[in-house]
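See below for the structure under consideration.
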Amino acid sequence: MGGNLDHTIAKLRVAVRRALADAVQTASHHSVVVGLSGGADSLALTAATVFEAAKLELQVYCAVVDHALQSDSATVAATAAATATRMGAVAQVLPVNVRHTGEGLESAARTQRYQALADFCDAVGSALLLTGHTEDDQAEQVLLALARGSGVQAIAGIPPRRTLVSSGGNEITVLRPLLRITRAETEAACRAAGLAWWDDPHNREERFLRAKVRHHVLPVLREHLGEAVSVNLARTAQLAHADAAALQELTERSFAAAAQLRRDSAGQVSGVVFAVPDVQQQPEAIRNRMIRRAAAALGCYYTMQQTAAVAALITSWNGQKPLDLPGSRVSRLRGELIFEKTGTINSQ
């Protein structure tokens with residue numbers, strides 16, 4: 001590289017610097033964990049994090065999750081961990097046996113990966129996790145959400161910040177510093193730093209919908225609509241994220257004002273009751289969110305169709321029978337909308 005710092009390396013460092021500075025201002029952190037796969041995105045993130053964390057006296061750990069879904073996965077994981085160690089991080093491989101839970105291989109692997117990462121954070125005493133999602137990942141996520149006819153929360157895509165809960169019950173803050181960095185830039189940064197990355201063959205397997213979007217849909221959009229497509233989709237996610245946050249805040253206020261919580265002998269929420277007019281007067285967007293918020297209070301999740309069925313008890317009442325939904329029953333009785341916790345709860 002000579003005496004000049006490669007501009008892509010500099011750009012990544014600035015992104016990580018801002019994320020870490022924000023994190024340490026709002027909470028006390030002594031260490032940070034990077035989720036490392038061995039791909040260009042997470043390797044570039046690791047290099048930038050090691051450099052920037054040193055200024056803040058933060059210990060850097062790297063967690064390499066091995067899903068054992070490919071014959072050479074153990075070698076790939078060990079290589080990634082060794083690379084992180086050479087960069088100055090403390091690296092560990094986390095073997096995960098992906099259990100099929102009916103949600104599909106990709107989704108099951110993602111769920112179990114994040115649980116392993118959260119538990120690793122707990123084990124090393126860190127409450128801060130960085131992942132290498134890029135602007136390209138964001139564009140793919142937004143396209144998938146649009147294709148599924150999703151609402152604003154899904155169109156908001158990958159959140160720049162979220163919270164995980166470890167098996168020990170501790171909250172882990174997840175940050176995505178690279179959401180305004182492209183995949184081409186992470187690869188360029190790795191080349192400039194002399195880092196060899198791993199290309200996950202699953203990213204090209206067309207049985208996975210995301211691979212189809214990445215290799216077929218986005219290239220066609222770029223060809224016909226211009227190279228700025230990914231940037232524009234990521235901007236859409238950013239705008240939708242702000243809108244979703246505002247709607248959620250309004251929902252929480254409305255829920256707190258209108259909901260009566262019923263609790264069992266152990267103090268757990270066993271029911272939620274609304275006076276029908278309190279929900280009926282709300283705009284549809286808030287009303288539907290209040291319904292899903294009531295479900296969440298019972299530990300349940302309602303699909304769009306299930307939410308619409310509950311909403312019909314409010315807006316199209318003609319004496320319908322109670323709705324038996326996974327984990328709950330919803331009924332309208334004497335001017336009240338009653339959510340009751342029942343048997344097995346569906347997982348999402």
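The values are calculated or read from the model by the stated rules, or taken from the named source; none is laboratory data. Predicted model only: the values in this text are computed from it and were never measured. Heads up, the Cβs are rebuilt from the backbone with ideal geometry, glycines too, and the neighbour counts pull from every protein chain shown.
General observations
- Positions within the stretch 152-165 being out of contact with any Phe, Trp or Tyr (no Cβ under 9 Å at 6 or more places or on another chain) and either in contact (Cβ under 8 Å) with a residue 24 or more places away in the chain or on the phi > 0 side of the Ramachandran plot (or both), in sequence order: Val152, Gln153, Ile155, Ala156, Gly157, Ile158, Pro159, Pro160, Val165
- Subset of the stretch 24-64 [free of Cβ contacts under 8 Å to residues at least 12 places away in the same chain and either touching a Ser or Thr at 6+ places or on another chain (Cβ under 6 Å) or β-branched (Val, Ile, Thr) (or both)]: Thr26
- Evaluation of Lys212 against the conditions (1) exposed (fewer than 14 other Cβ atoms within 10 Å of the Cβ); (2) of a type in the set (D, E, K, R); (3) without any contact (Cβ under 8 Å) to a residue 12 or more places away in the chain shows that the sole unmet condition is (1).
- Subset of the stretch 186-203 that is within 23 Å of the chain's Cα centre (by Cα) and surrounded by fewer than 12 Cβ atoms within 10 Å (Cβ to Cβ) - its residue that is modelled with the lowest pLDDT: Pro201
- Exclusive hit being outside the structural domain of Val152 (by the TED database), in contact (Cβ under 8 Å) with a residue 40 or more places away in the chain and among the acidic types (Asp, Glu), set Glu249, Glu284, Glu336: Glu336
- With respect to being in the same structural domain as Ser270 (by the TED database), touching a helix residue (DSSP H, G or I) at 6+ places or on another chain (Cβ under 9 Å), under 23 Å from Pro283 (Cβ atoms) and at pLDDT 95 or above, Ala312 falls outside the description.
- Restricting the stretch 109-151 to residues that are polar (S, T, N, Q) and free of Cβ contacts under 8 Å to residues at least 60 places away in the same chain, the residue that is farthest from His215 (Cα to Cα) is Gln115.
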